[in-house]
Every structure is written in structure tokens, then in C-alpha cells.
């Protein structure tokens, strides 16, 4: 019975990634596994923290420039949002769009996705909404274009592109250029800035980001039956100016052993589990990456302090 339970759990992508990440040193796991229902709710709290500038800055750009963005997108667009989350920002864009043909929110957190897709559908009953629970960091199959749609466009806010390494970001941009062929991508990109601003954003005084980071261990305990002691790990986030990225880690507070599906993993005191990268770009640096992926960078919007940017990238037509 136990062996059957283990076999069932190992089909879980979190289980596969966790075992792989723990077996190799330095130890690491992809940040997409933060987003179970509790992780998604904690991230929504992070977005409203005073230290966390990206959400309010990007919302401000959308509020000020949504009409210009809608002009780039054009009428009767099939809008695909990657990493839709609470679908807060898409509402500003949908209000400005001309006769959107459909909205397709894509997210890895199924429960969170369905809850917010239902809420948006109730608010806008005339808009077809087709939620897609999927991991867009891999190849996905989007639903066929509706007959009334003129083209497909992507919306990727929040600077989630920064969670990829530059090589992974290039791969995603190339895949999305194929998914959005003949349309384009509206994407939020966090900018290089004063490291003190970045440090505060990822080390908030209320400890919500720390709870978000540690929830990865609690999720493993809940879903996989592991025995992580979340209180025996410290949240640690710092900016590496050479790589132009925030790194987030869980640091073992003591020498300890963790059991995962019968395997024992020793953490020395001070040993790290690397849980997230958040890469920052210059406007020119990101546009160069987009061109390499096949996009044609066009409009870009930045706030007055140049904390954040939103780019419109035209996808190739063939």
C-alpha cells in the first residue's frame, strides 16, 4: 500500500522536481512550484506590500497607457494570459480592447485559476473565457482560434519572464512567438535598479515573502508526505549585480535530515535550497533578447523612475 502511494505521488511533477533537485548539488527547484492554492494567495499578498513596487508600478502603466496598448493589439483579438494568477491586470486591458474575441487564462495553479476565471466570467458574461490549466514553461497546446478572432495575442505581466534564466527566457519567447504567430506579446519586464530597492522588495518587513518561500516546503509535506521542518530553514534573498538577478534561497538553520519517499537527504548547517531567480533587464537588453527570439520590439512604456517596463512585441507572421 505504501509503495503504491509512493508510485502515485511520484507521478506528481512536484515530486519529480523535488527529488531531482535534492539529489544534485547545489540544490535547486523551479519557482513554478511555489504556486499551489496557498502559495498563490500569499503571492497576491506580496503584490500589495509597500516594499513590492512591481505590481503597483505595472498597474499604473496599464491605467495610463491601456488605450495605446489596445491599439497595438487591435480589435477582435484572442487574448492568452500566461501565468494569469488573480487576473487583476487583465481587467484593465480588457476594458480598453475593442471587441476581444476570447480570453484564455493559463496558469499552473488549477484551483486558483478556476476561481478567478469564474469571477471574471461573472463580471463580463459577454466575453468567452476558456481557462487552461497548464505549465507554460513547457510546450503547450492552445485552443483553436475562434472564428471571430482576427489574431492571437499574449499577455505576460508581472515580470514573470524574470523567473527564467536568460537561456530559458529565450526558449519561452521562441515558443510563444510560434503560438502567437501573426499577433504579438504584451509583456511586463522588471528593470535593473538600485539594489536597495530590490532587497526591500524581496525581504519585506511583514515576512510575507519568507512565508511564500517556506510554503514550498509545507506544500511538499502536504502533497507528498515529506517531513520538512519549515522553521528550520531561513528565507534568504539577495541581488547579484553580475547576473543582474535576485536569488531566493532557503538556508538550513542546522544540520538536519529530510526524508522524501524513503530517501534521506542531509542538509548541513548553512546549506541552501535555491528556490527562485528573478532576472532584471535593461530596456535595450530585453529588446535584444526578443529580437533573437524572432519578435519585432515596437512600443515600450516605462514609469518615470524607470522601475518597470511593459513591451509590445510583434510576432512574425510566418
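Check segment 282-293 and report whether any residue there is in a strand (DSSP E or B) and surrounded by 14 or more Cβ atoms within 10 Å (Cβ to Cβ). Among the residues of segment 282-293, not one is in a strand (DSSP E or B) and surrounded by 14 or more Cβ atoms within 10 Å (Cβ to Cβ), which makes the answer no.
Entry remark, segment 170-196: residues being closer than 17 Å to residue 158 by Cβ and assigned to a helix (DSSP H, G or I) number 3 in total.
Within segment 294-318, can you find the residues that are surrounded by fewer than 21 Cβ atoms within 10 Å (Cβ to Cβ) and within 21 Å of residue 183 (Cα to Cα)? 294, 296, 297, 298, 299, 300, 301, 314, 316, 317, 318, listed by residue number.
One line per residue, one yes/no per condition, for (1) in contact (Cβ under 8 Å) with a residue 60 or more places away in the chain; (2) under 20 Å from the mean Cα position of the chain (by Cα); (3) assigned to a strand (DSSP E or B):
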residue: 78; (1), (2), (3): yes, no, yes
residue: 91; (1), (2), (3): no, yes, no
residue: 118; (1), (2), (3): no, no, no
residue: 139; (1), (2), (3): no, yes, no
residue: 143; (1), (2), (3): no, no, no
residue: 146; (1), (2), (3): yes, no, no
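Across segment 127-137, the number of residues qualifying as surrounded by fewer than 17 Cβ atoms within 10 Å (Cβ to Cβ) and either in a loop (DSSP other than H, G, I, E, B) or at positive phi (or both) comes to 4.
Test residue 73 against the criterion of being within 19 Å of the chain's Cα centre (by Cα) and either assigned by TED's automatic domain parsing to the domain that holds residue 173 or surrounded by 16 or more Cβ atoms within 10 Å (Cβ to Cβ) (or both), and give yes or no. Criteria not met by residue 73. Taking residue 204, is it under 16 Å from residue 238 (Cα atoms), out of contact with any strand residue (DSSP E or B) (no Cβ under 8 Å at 6 or more places or on another chain) and free of Cβ contacts under 8 Å to residues at least 24 places away in the same chain? The answer is no for residue 204.
Here 111, 123, 148, 115 are screened, and the one residue that is more than 26 Å from residue 276 (Cβ to Cβ) and touching a helix residue (DSSP H, G or I) at 6+ places or on another chain (Cβ under 9 Å) is 123. Identify, please: which residue in segment 250-266 is modelled with pLDDT of 95 or more and assigned to a loop (DSSP other than H, G, I, E, B) and is, among those, nearest to the chain's Cα centre (by Cα)? If we take residues in segment 250-266 being modelled with pLDDT of 95 or more and assigned to a loop (DSSP other than H, G, I, E, B), then 253 is nearest to the chain's Cα centre (by Cα).
Residues that are closer than 18 Å to residue 274 by Cβ and under 15 Å from the mean Cα position of the chain (by Cα) were ranked within segment 156-201; the one that is surrounded by the fewest Cβ atoms within 10 Å (Cβ to Cβ) is 165. Check whether at least one residue in segment 94-101 is in a strand (DSSP E or B) and out of contact with any helix residue (DSSP H, G or I) (no Cβ under 8 Å at 6 or more places or on another chain), and report yes or no. There is no residue in segment 94-101 that is in a strand (DSSP E or B) and out of contact with any helix residue (DSSP H, G or I) (no Cβ under 8 Å at 6 or more places or on another chain).
Looking at 152, 114, just one residue is farther than 19 Å from residue 186 by Cβ and touching a residue at least 12 places away in the same chain (Cβ under 8 Å), and that residue is 114. Scanning segment 202-222 for residues that are under 16 Å from residue 35 (Cβ atoms) and loosely packed, with under 15 Cβ neighbours inside 10 Å turns up just one, 222. Considering segment 226-251, and only residues there that are more than 27 Å from residue 196 (Cβ to Cβ) and touching a strand residue (DSSP E or B) at 6+ places or on another chain (Cβ under 9 Å), the residue that is surrounded by the most Cβ atoms within 10 Å (Cβ to Cβ) turns out to be 228.
The values are calculated or read from the model by the stated rules, or taken from the named source; none is laboratory data. In this text the structure is predicted, and so the values were computed from the model without any measurement. Because the Cβ atoms are built from the backbone with ideal geometry, glycine has one as well, and the counts that use them run over all protein chains shown.
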